[in-house]
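Before I ask anything, let me first share the structure, which is written out below as structure tokens.
The values are calculated or read from the model by the stated rules, or taken from the named source; none is laboratory data. Note that this is a predicted model, so its numbers are computed, not measured. Reconstructed Cβ throughout: ideal geometry from the backbone, glycine too, with neighbour counts over all protein chains shown.
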Amino acid sequence: MAEQHYPMLSLRGLTRRFGGLTAVDAIDLDLARGELISIIGPNGAGKTTLFNLVTGLDRPDAGTVRFEGQDITGLSPERLAAEGIARTFQLGRVFGNLSVMDNVLIGAHTRLRAVKPAVPVIGPLLELGLALLRPSSVKAEEERLREEVKAILARFGERLLPRIDQPAYSLSYANRRRVEIARALALKPRLLLLDEPTAGMNPTETAEMQALVAELKAEGLTILLIEHKLEMVMRLSDRVIVMDEGKKIAEGPGEVVRTDPKVIEAYLGHGLSGAAEQESAA
Amino acid sequence: MSSWLDYTINGLIVGNVYALVAVGLALIFGVSRLINFAQGSIYLVGAYIGWVAVVQLHTPLPLTIIVVAAAAAVVGLVIERFGLRPLQNSVRIAPLLATIGISFVLDQLVMLTFSPNPRALPSQLPDVRFQLGGGTIGPLDLLIAGVGITSALLLFVFLRYSKLGWAVRAASQDRDAAMQMGVDVNRVNQAVFGIAAALGGVSGMLVGMYYNQIDTAMSLQATLKGVVAEVVGGAGNVPGAVIGSLLLGLVESYGVAVFGTSYRNLFAFLLLVVVLVLRPNGLFASARQAPPEPLTGTFIAPSRPVRIPRWALAVAAAIFAVLPFFPVSFYVLQTLINAWLLGMLALSLTLVAGTVGQVSLGHAALLAIGAYTSALLSLTLSVPVGLAVIGGGLMSAALGTLLISPSFRLRGHYVSIATLAIGEIVSLVILNWEGVTRGPIGISGIPPLSLFGYDLISPSSVYWFSFAVMVVLALLQGRLLTSHLGRSFRAIRDDDIAARAYGLSLNRYKSLAFIFGGFAAGVSGGIAAHLYSYINHETFNTQQSILALTVVILGGLGNVVGAILGSVALVGLPEVFRIAAEYRILIYGIVLLLLVRFRPQGLLGTI
């Protein structure tokens, strides 16, 4: 297959309904290799639900998700992780009782080979045996991954390295977000989905996070970003998609989208302009 | 043909009784997202209060009903106020464990007050049967139907038209939003527990009258039946609970008609497992629900485990290893042998419940599988005992994991229910599969422990054997926890959604944990079978599952050293203080409650 013909991620008519509410309404999206697209929109616009559909945590009612040309609609999240899709969560889902090191090592789980032989049926039993016996190949793999984790944590300066053996529940909110991103990077993702990575961060921390995302983009990583901080969105994104009430209401370069009247209305509130007219009439 | 109508009527009447329990469970679940394992105990209390009222005080029937409802409601309010309200902001495992503890304490209190012997509870109604079509119906049937329908109507009116009823419905839809809007959630909880307890108590009394017999074993059965009905109808769904109850009553009644009485419970639990697997949200749940809210790392209490240096552990192990060389009494060795056997079970449960977060209430079933396998291998196939015990461990690992696998897709309380039901299924299969298990007669003449042809008969040799096996299992488990599987298990426990998003298959890793843990439990059961020389379907019962759970909480969830320390403490201390056997379970229940409230991380901390 000539892979470069396909976009990295391609959504067609993706729809998810909860009862009477259509949280994601016929979304189309193409994300090219190495591209960074930001999804913005008011709270409840369906951005996180869209992420859940792409990463397999939720199944769409209609539409398809293609990853490098391959139909991955409705596959399980563990399958998609193995395919190289990593994500972070809006509310931060670190493993509270695991150390920073172990949290990030979980990110590398899909890359375990020596201890997880790809043998059908008895594979899990071999995994149990190898985990207990630990031949040199397993030890070497574990050691290599630990070194990799340290290298990943070093990207966050002195934020995480000194706390490498501390349980994640003892970290500050911002550090938990960093652990999540480190965990995602440990998967060596081909596609990275970041759900509000700077939520709850102060301006300094936000600037650091923005620099990191820019670095990842420069390294060629394909990124789908949900973010409320518009300045960061404008600086980082190749394209911006605006969602409101499950629908895509605008798409294009940041500066164009920013001045789109539909976008302004979505952010300022529906019917606000209408209400203002009525008020002035009265 | 007429008998079919009788079975239908019987099914609907029994279903009505289940409905009274299940509706209470559904109300509580709706408001607190909590399955109240103590509901059956309230039902038991109701039956005994009914007995006191009828037999001792000779109250007329309407007054009996009122007395039972009021007294049971008070019990419910006490449980809510002192058992659960203090845990409102605790980790999710806390209220689950608390209701289990409360249930044990209540059951034991009733047993100590009234003795475990069955009592007759006369129905106070004339013993006549009316002809109805091809079947018959008695006044008690009509009373039960009447109470069921009246309670349903009253509940409907309460929920629909009273202000407090609105608050209950609001709180069950969105607790936080309801609080924001000024709903007093404590009052809602009180109302719900009071109503649930009153219904449960009356139900217990009616069942006692229906069978003209009450005994303390009713409690667990009622909890299980109520939970089955509630889950079939969809947890938290009140009308669903009623329909689930009637369905359960009919399934049981027809099952009994076709296969016989001893299969009654088997049908109930099979129905539960089938529904949990096929429609975990119940028969009437909407097709797919919104993904659950993230509950990051809140299932167990975060804590820093106490680090015990290796040399200290080695010294302790050495002291226990040389103990038989000193002039210690047979009694001390016997007590410690029991502690080592319990220690193996606790190792198994601390891995499953603590490390992977699957709070199993059916762990005694793994003991039973190991014990029966080892006993039958050595008796019928003349396998050497040492190998037979290992065979018991392997069978327990394989069969136990297979049986529990339907619960792998469940979370929190549902896992506990499913494992409780699976434990009951194992016990019922042992009772009914006479061709293999010799049914109610049990297996006698099981050969004593032996190793390489030498019988281990002296207390010190049995002591060394069981101690050595436990130490080896503990070392293996310690090694497992430091491998990538250890962190994978704990990741799944802390946040299964995030774990899946990083490629951890829940089925695979929960299976591995149950295989490893099942082996330890099966070995423990196998050794026990050869020590006791006689086992039957009641040798390994729910009380042992609860004891093991208390040990695990006491030592610290997932903590290997803690599991062994907890076993020695809970087996040893009652011996030291010479506590009479009938009070021990009560004390285990109280210890569990105090731990959940004041030291949820246990003695040595969660790992």
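Being free of Cβ contacts under 8 Å to residues at least 60 places away in the same chain, buried (at least 16 other Cβ atoms within 10 Å of the Cβ) and touching a strand residue (DSSP E or B) at 6+ places or on another chain (Cβ under 9 Å) narrows it down to one of B:SER483, B:SER461, so name that one.
B:SER461
Based on what the data block shows, is B:THR542 within 19 Å of B:LEU361 (Cβ to Cβ) and surrounded by fewer than 24 Cβ atoms within 10 Å (Cβ to Cβ)?
It is true that B:THR542 is within 19 Å of B:LEU361 (Cβ to Cβ) and surrounded by fewer than 24 Cβ atoms within 10 Å (Cβ to Cβ).
On to the next question. Taking the condition within 14 Å of another protein chain (Cβ to nearest Cβ), of a type outside the set (Ser, Thr, Tyr) and in contact (Cβ under 8 Å) with a residue 60 or more places away in the chain, does B:ARG490 pass?
yes
Looking at A:VAL115, is it facing chain B (nearest Cβ under 9 Å), buried (at least 23 other Cβ atoms within 10 Å of the Cβ) and either touching a Cys at 6+ places or on another chain (Cβ under 9 Å) or at pLDDT below 95 (or both)?
So A:VAL115 does not fit the description; no.
Of these, A:LEU31, A:LEU11, A:LEU50, which one is crowded, with 18+ Cβ neighbours inside 10 Å and within 25 Å of A:ARG111 (Cα to Cα)?
From the options A:LEU31, A:LEU11, A:LEU50, the qualifying one is A:LEU31.
Being facing another protein chain (nearest Cβ under 10 Å), in a loop (DSSP other than H, G, I, E, B) and either within 30 Å of A:ILE164 (Cα to Cα) or free of Cβ contacts under 8 Å to residues at least 60 places away in the same chain (or both) is the requirement here; does A:ARG17 meet it?
Here the answer is no, as A:ARG17 does not meet what is asked.
State all residues of region A:156-182 that are closer than 20 Å to A:HIS109 by Cβ and out of contact with any Ser or Thr (no Cβ under 8 Å at 6 or more places or on another chain); if no residue qualifies, say none.
Of everything in region A:156-182, those that are closer than 20 Å to A:HIS109 by Cβ and out of contact with any Ser or Thr (no Cβ under 8 Å at 6 or more places or on another chain) turn out to be A:LEU160, A:ARG176, A:ARG178, A:VAL179, A:ALA182.
What do you reckon, is A:GLU180 of a type in the set (Asp, Glu), within 12 Å of chain B (Cβ to nearest Cβ) and surrounded by 20 or more Cβ atoms within 10 Å (Cβ to Cβ)?
For A:GLU180, the condition - of a type in the set (Asp, Glu), within 12 Å of chain B (Cβ to nearest Cβ) and surrounded by 20 or more Cβ atoms within 10 Å (Cβ to Cβ) - is met.
Any idea which of (1) touching a helix residue (DSSP H, G or I) at 6+ places or on another chain (Cβ under 6 Å); (2) modelled with pLDDT under 90 is the one B:TYR583 doesn't satisfy?
Failing condition for B:TYR583: (1).
Further question on the same structure: Among the residues of region B:567-585, how many are within 21 Å of B:LEU349 (Cα to Cα) and either within 17 Å of the chain's Cα centre (by Cα) or not in a helix (DSSP H, G or I) (or both)?
Here the count works out to 1.
Return the pair list, or none, for Cβ contacts closer than 7 Å from residues in region A:31-48 that are under 18 Å from A:LEU9 (Cβ atoms) to residues that are at pLDDT below 90 and polar (S, T, N, Q), at least 6 apart or on different chains.
A:THR48/A:GLN90
Which residue out of A:THR55, A:THR49, A:THR73 is more than 9 Å from chain B (Cβ to nearest Cβ) and touching a strand residue (DSSP E or B) at 6+ places or on another chain (Cβ under 6 Å)?
Sole residue among the options that is more than 9 Å from chain B (Cβ to nearest Cβ) and touching a strand residue (DSSP E or B) at 6+ places or on another chain (Cβ under 6 Å): A:THR73.
If I filter region A:187-198 for residues that are in a helix (DSSP H, G or I) and among the β-branched types (Val, Ile, Thr), do I get at least one hit?
No, region A:187-198 contains no residue that is in a helix (DSSP H, G or I) and among the β-branched types (Val, Ile, Thr).
What do you reckon, is A:GLU205 at pLDDT 90 or above, in contact with a Lys or Arg (Cβ under 8 Å, 6 or more places away or on another chain) and either part of a strand (DSSP E or B) or over 26 Å from A:PRO77 (Cα atoms) (or both)?
no
Please verify whether A:VAL121 is more than 10 Å from chain B (Cβ to nearest Cβ) and surrounded by 20 or more Cβ atoms within 10 Å (Cβ to Cβ), treating the condition exactly as stated.
no
Among the residues in region B:348-365, are any of a type in the set (Gly, Ala, Ser), touching a strand residue (DSSP E or B) at 6+ places or on another chain (Cβ under 7 Å) and within 16 Å of B:ILE535 (Cα to Cα)?
No, region B:348-365 contains no residue that is of a type in the set (Gly, Ala, Ser), touching a strand residue (DSSP E or B) at 6+ places or on another chain (Cβ under 7 Å) and within 16 Å of B:ILE535 (Cα to Cα).
Please go through region B:274-285 and pick out each residue that is buried (at least 20 other Cβ atoms within 10 Å of the Cβ) and assigned to a helix (DSSP H, G or I).
Across region B:274-285, the qualifying residues are B:VAL275, B:LEU276.
Let me ask something additional. For region B:453-482, which residues satisfy the criterion of being within 14 Å of chain A (Cβ to nearest Cβ), touching a Leu at 6+ places or on another chain (Cβ under 9 Å) and among the hydrophobic types (A, V, I, L, M, F, W, C)?
Within region B:453-482, B:LEU473, B:ALA474, B:LEU476, B:LEU480, B:LEU481 qualify.
While we're here: Restricting the search to region A:141-173, which residues are within 13 Å of chain B (Cβ to nearest Cβ) and either polar (S, T, N, Q) or assigned to a helix (DSSP H, G or I) (or both)?
The answer is A:GLU141, A:GLU142, A:GLU143, A:ARG144, A:LEU145, A:ARG146, A:VAL149, A:GLN166, A:ALA168, A:TYR169, A:SER170, A:TYR173.
Could you tell me whether any residue of region A:85-97 is more than 7 Å from chain B (Cβ to nearest Cβ) and out of contact with any Asp or Glu (no Cβ under 8 Å at 6 or more places or on another chain)?
Taking every residue of region A:85-97 in turn, at least one turns out to be more than 7 Å from chain B (Cβ to nearest Cβ) and out of contact with any Asp or Glu (no Cβ under 8 Å at 6 or more places or on another chain).
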